[in-house]
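Q: Encoded as structure tokens, here's the structure I'll be asking about.
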Amino acid sequence: MVTAFTAIILAALVQSAAINSQRDNYLGCLDKAVAAATAQKTPSAAFEAHLRQSCADAEAKFEAALIAFDLKNKVPRKQAQADAQVQVDDFISNLVGRYRVVTPSQ
């Protein structure tokens, strides 16, 4: 009983580590994209597209990790995909909102 419980806990930690690693990679990419947009004085209207284009690979890997985690926890694929998209969209919308506040209209 203890061995099975320990195995479940270890499996969850490994899954969480995979998600955390991909999240860190994605957030790091977004930080670099924000810095580049700021340096290039990207208009706020083009900022979201810049983020999504600059970090498309990292975003896809992060979403895949989130979906894989949910699927292993018996979440239906459609719901897992929707949940992953919500997390990504939240990161993007928060950055877009902040960028619009600190960037003058152009």
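Q: Just need a number here: residues in the stretch 74-106 that are more than 22 Å from Ala39 (Cα to Cα) and touching a residue at least 12 places away in the same chain (Cβ under 8 Å).
A: The initial filter retains those residues of the stretch 74-106 that are more than 22 Å from Ala39 (Cα to Cα), namely 74-90.
Cutting the leftovers down to touching a residue at least 12 places away in the same chain (Cβ under 8 Å) gives us 80-81, 83-85, 87-88.
Of the residues in the stretch 74-106, 7 are more than 22 Å from Ala39 (Cα to Cα) and touching a residue at least 12 places away in the same chain (Cβ under 8 Å).
Q: Have a look at Glu59, Glu48 and point out the one that is modelled with pLDDT of 95 or more, closer than 30 Å to Pro104 by Cα, of a type outside the set (Ser, Thr, Tyr) and in contact with a Cys (Cβ under 9 Å, 6 or more places away or on another chain).
A: Numbers: Glu48 fails: in contact with a Cys (Cβ under 9 Å, 6 or more places away or on another chain).
Answer to the selection: Glu59.
Q: Moving to a separate point now. Do we find a residue being exposed (fewer than 13 other Cβ atoms within 10 Å of the Cβ), under 20 Å from Arg98 (Cα atoms) and small (Gly, Ala, Ser) anywhere in the stretch 30-44?
A: yes
Q: Follow-up. Residues of the stretch 33-91 being more than 17 Å from Ile19 (Cα to Cα) and under 12 Å from the mean Cα position of the chain (by Cα), which ones?
A: Correct list: Leu51, Arg52.
Q: Taking into account only those residues within the stretch 46-73 that are farther than 17 Å from Gln87 by Cα and touching a residue at least 24 places away in the same chain (Cβ under 8 Å), which is surrounded by the fewest Cβ atoms within 10 Å (Cβ to Cβ)?
A: Selected residue: Lys72.
The values are calculated or read from the model by the stated rules, or taken from the named source; none is laboratory data. This structure is a prediction, so every number in the text was calculated from the model and none was measured. Glycine also receives a Cβ, built like all others from the backbone with ideal geometry; neighbour counts cover every protein chain displayed.
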